[in-house]
Amino acid sequence: MIAMKGIVKEFPGVLAVDHVDFELYPGEIHALLGENGAGKTTLMNVLYGIYKADSGETLINGKPVRINNAVDAQSNRIGMVHQHFSLIPAFTVAENLSIGLKDGGFILKEEYVGSKIKEAEDKYGIHIDVNRKVDDLSIGEQQRVEVLKLLFRGANTLILDEPTSALTPQEAENLFLSLKALKAEGKAIVVITHKLYEVMEIADRVTVLRKGRVVFKSMKAGVTSDILAEAMIGKGVELAKYKKEEVKAEGSLVIEKLMVIGERHDTLVNDATIRLNKGEIIGVAGVSGNGQKELVEALFGMRKISAGSITMGGKDITSSNVKARVMSGLGYIPEERKTKGVAISLSLSLNSVIHSHWGAPYLVNKMFNYTAIRKLAKQIISKFNVAAKSEAALAKNLSGGNLQKFIVGREMLNEPDYLIAVNPTSGLDIGATEYVRKELVDYRNRGKGVLLVSEDLDELLALSDQIVVMYRGSTSPSVNQKDFDRLKIGAMMLGEGFTR
Ligand SMILES: Nc1ncnc2c1ncn2[C@@H]1O[C@H](COP(=O)(O)OP(=O)(O)OP(=O)(O)O)[C@@H](O)[C@H]1O
Ligand SMILES: [Mg+2]
């Protein structure tokens, strides 16, 4: 169906894609693998017309085509869901789906959207309430909208860039079912992923990139995860052991009976109570869309709190703004990296002081001290192994995983007493994931508190001292590490033990 031949794409100083041949057959799911920065996204951006290759050609059904932009891609029935979504948060699902549709006026579109939604539900099992605002949707739900958008525009080739990085196992399972239904119709699907078990579960064919080159290409049959891991990183990864130490540190972050009411008067966070002590990691488990996002936003000062209180080290911060909270010792690794984690068109240097530029050593006599700022950026880059040309590189030019490493590093080096980390390892390759997890445990061992909100239950079980489950905005009592039980917590995530 599609053949890319000899594709080369160079950015100033980085050969991102180096003479790559890539083939895609109808009715297959093709996994594209590789470490952070290997060139996966760039290669697919070339196919989708976002970047023009320096050399090489793309053939569709044997005929050379020129795809210079997303419109060309669409007319060749190629669709892509990016690593970072491109929906308009202030619009409803229906409005987002209508954008770019060519049929008639808005009323017509509404009918069209309605009938198409029905079809998507019946055929591919994709459910979504079209009247909700995208801003209020969980990542999993937003992703369903993105996939629908492609289908609405008639895509035959679907490219999904790390589609499950923020999905719960159940959501991922649902997505896979939808993908299998799409594949059975003859659509060709590219899935970029870091999760080897997903490859084993859904892929028919595998291509692995390393430093811009194809290093492995095969049908999935006969391939093992070990073979793939080795192709990706060249050697076996050592799984870190998380050594937790007894910590004596005074102080806690207390969220008490917190209420957050949404714009449509729905209760998004309902009487949530969490007590995070220093020297402790509290895991927040839950199926995405159960209030975790709103709880965290309220905690960091980005959402109005309707009732309840938050105190940090005894100080009431319930009505403080973001700056005041950060200055009293709160850090935040957000889920939406490009929109909430960095100022995307600024340099890494400037981004490194986003939560610390208010005072010395970065601000002296009302002037930025660029020497100190650059030094900090360099520290983050080297300590967290961020692949970037230099600290002057713009945030938007980093690969997804490298941007995440940068944000994690910035927040940790700022040394907040309490760190909120939302899916801190999503989108990271195997090595980087292990590194970040180990850093989080070290952070705790140094007497800091970590609120780890993650949709990866295994990650929570491995790192947390206690786990709190969120369901429909409410929090469960916390479960102690010695009582961790995968199945039991899984059942709580589905509402067991919660009264409605
Ligand atoms: N617009 C750009 N300008 C400069 N360099 C870029 C740009 N886009 C990507 N790069 C660089 O090209 C290389 C490949 O990046 P790419 O985003 O394709 O990696 P990836 O395999 O998708 O990684 P990840 O798993 O982290 O998403 C990286 O070194 C990245 O920094
Ligand atoms: Mg990428």
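The values are calculated or read from the model by the stated rules, or taken from the named source; none is laboratory data. No experiment lies behind these values; they were computed from the predicted model shown. Cβ coordinates were reconstructed from backbone atoms using ideal geometry, including for glycine residues, and neighbour counts include every protein chain displayed.
Numbers at a glance
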item	result
Enumerated helices (runs of 4 or more DSSP H) restricted to region 1-101, each holding at least 2 residues that are within 14 Å of ligand 1 (Cβ to nearest atom) and touching a strand residue (DSSP E or B) at 6+ places or on another chain (Cβ under 6 Å)	40-47
Selection status of Ile227, β-branched (Val, Ile, Thr) and within 22 Å of the chain's Cα centre (by Cα)	no
Meets criteria (of a type in the set (Ser, Thr, Tyr), assigned by TED's automatic domain parsing to the domain that holds Glu35 and under 15 Å from Tyr48 (Cβ atoms)) for Thr164	no
Pick from region 482-496, criterion modelled with pLDDT of 90 or more and exposed (fewer than 15 other Cβ atoms within 10 Å of the Cβ), ranking: farthest from Tyr443 (Cα to Cα)	Asp483
Single residue of Leu175, Leu158, Leu148 found to be surrounded by 15 or more Cβ atoms within 10 Å (Cβ to Cβ), modelled with pLDDT of 85 or more and farther than 30 Å from Val269 by Cα	Leu158
Within region 32-58, tally of residues that are closer than 16 Å to Gly212 by Cα and under 23 Å from the mean Cα position of the chain (by Cα)	17
Region 1-23: number of residues that are under 26 Å from the mean Cα position of the chain (by Cα) and surrounded by fewer than 21 Cβ atoms within 10 Å (Cβ to Cβ)	4
Where Leu33 falls short, out of the listed (1) more than 16 Å from ligand 2 (Cβ to nearest atom); (2) modelled with pLDDT of 90 or more	(1)
Count - residues of region 161-172 that are surrounded by 19 or more Cβ atoms within 10 Å (Cβ to Cβ) and more than 16 Å from ligand 1 (Cβ to nearest atom)	4
Checking Glu335 against (1) over 23 Å from Leu440 (Cα atoms); (2) touching a residue at least 24 places away in the same chain (Cβ under 8 Å); (3) of a type in the set (Asp, Glu), the condition it does not meet	(1)
Any pair with Cβ under 6 angstrom, 6 or more apart, that starts in region 289-310 at a residue that is free of Cβ contacts under 8 Å to residues at least 40 places away in the same chain and ends at one that is part of a helix (DSSP H, G or I)	Gly301/Val322; Gly301/Arg325
Selection within region 298-324 - closer than 19 Å to Pro424 by Cβ and buried (at least 23 other Cβ atoms within 10 Å of the Cβ)	Leu299
Top-ranked residue in region 402-439 [being within 14 Å of ligand 2 (Cβ to nearest atom) and in contact with an Asp or Glu (Cβ under 6 Å, 6 or more places away or on another chain); ranked as modelled with the lowest pLDDT]	Gly427
Unique match (being crowded, with 23+ Cβ neighbours inside 10 Å and in a helix (DSSP H, G or I)) among Leu403, Leu419	Leu403
Residue match in region 435-456 (condition: closer than 19 Å to Lys244 by Cβ, of a type in the set (Asp, Glu) and buried (at least 20 other Cβ atoms within 10 Å of the Cβ))	yes
Residues within region 268-296 that are of a type in the set (Lys, Arg) and under 17 Å from Leu137 (Cα atoms), tallied	1
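Okay, residues lined up against (1) more than 16 Å from ligand 1 (Cβ to nearest atom); (2) over 21 Å from Lys293 (Cβ atoms); (3) assigned by TED's automatic domain parsing to the domain that holds Gly283:
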{"position": "Val408", "(1), (2), (3)": "no, no, yes"}
{"position": "Ile420", "(1), (2), (3)": "yes, no, yes"}
{"position": "Tyr435", "(1), (2), (3)": "no, yes, yes"}
{"position": "Tyr443", "(1), (2), (3)": "yes, yes, yes"}
{"position": "Gln466", "(1), (2), (3)": "yes, no, yes"}
{"position": "Ser474", "(1), (2), (3)": "yes, no, yes"}
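For (1) more than 16 Å from the chain's Cα centre (by Cα); (2) over 27 Å from Leu428 (Cβ atoms); (3) not hydrophobic (A, V, I, L, M, F, W, C), each residue gets a yes or a no:
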{"site": "Leu137", "(1), (2), (3)": "no, no, no"}
{"site": "Gln142", "(1), (2), (3)": "no, no, yes"}
{"site": "Lys149", "(1), (2), (3)": "yes, no, yes"}
{"site": "Phe152", "(1), (2), (3)": "yes, yes, no"}
{"site": "Thr164", "(1), (2), (3)": "no, no, yes"}
{"site": "Pro169", "(1), (2), (3)": "no, no, yes"}
{"site": "Asn174", "(1), (2), (3)": "yes, no, yes"}
{"site": "Lys180", "(1), (2), (3)": "yes, no, yes"}
{"site": "Lys187", "(1), (2), (3)": "yes, yes, yes"}
